[in-house]
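Remarks on the structure that follows.
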Amino acid sequence: MPTTTTYGYKKPINGERGSVFYPALNDNIQRLNDHAHDGVDSAPIPASSIAKGSASILAASWVSLGGGNYRQLVTTPSGVTVDNMIPKFFCAGGAEDGHQILPSIEKASSTTYYVYINDNTQTLTVKYG
């Protein structure tokens, strides 16, 4: 009879025949397909592996590039580099509060990047993942 692990996977014992081994293998494959990293059916993914912080990009700090275009230099939080970040930008305040936008970004260094926008009255919240 196979040993059952912490999250329900079946570990066959050496020498078990196909009538035990293959059903356990089939069950394990299904469990891998269905798991959710929720701590019940598999190990949870720690928040530190997903959320890396957030920051405000203030309306007062936009620099005009002319033609109604603006940019702002942003420094990433500690432990986050431009090469390993997945930023999500959200409007902060006003009628668009909470709406996600997709501004252009450009790497300036390993820990700084420019955000480009066409509305210098908009404050943004950037969430790093």
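Only one entry of PHE90, PHE21 meets the criterion of being farther than 30 Å from THR125 by Cβ and either of a type in the set (A, V, I, L, M, F, W, C) or part of a strand (DSSP E or B) (or both), and that entry is PHE21.
In the set ALA55, ALA60, which member is surrounded by 14 or more Cβ atoms within 10 Å (Cβ to Cβ) and not in a loop (DSSP other than H, G, I, E, B)?
Values: ALA60 fails: surrounded by 14 or more Cβ atoms within 10 Å (Cβ to Cβ).
When all the criteria are applied, what remains is ALA55.
Restricting GLY66, GLY98 to residues that are at pLDDT below 95, more than 30 Å from PRO12 (Cα to Cα) and over 15 Å from the mean Cα position of the chain (by Cα) narrows the list to GLY98. Note on region 104-123: residues that are touching a residue at least 40 places away in the same chain (Cβ under 8 Å), outside any strand (DSSP E or B) and touching an Asp or Glu at 6+ places or on another chain (Cβ under 8 Å) amount to 1. Whether any residue in region 37-49 is part of a helix (DSSP H, G or I) and β-branched (Val, Ile, Thr) is what I want to check. No, that holds for no residue.
The values are calculated or read from the model by the stated rules, or taken from the named source; none is laboratory data. Predicted, not measured: the structure shown is a model, and the values here were computed from it. Using ideal geometry, Cβ is built from the backbone for each residue, glycine included, and neighbour counts are taken over all protein chains shown.
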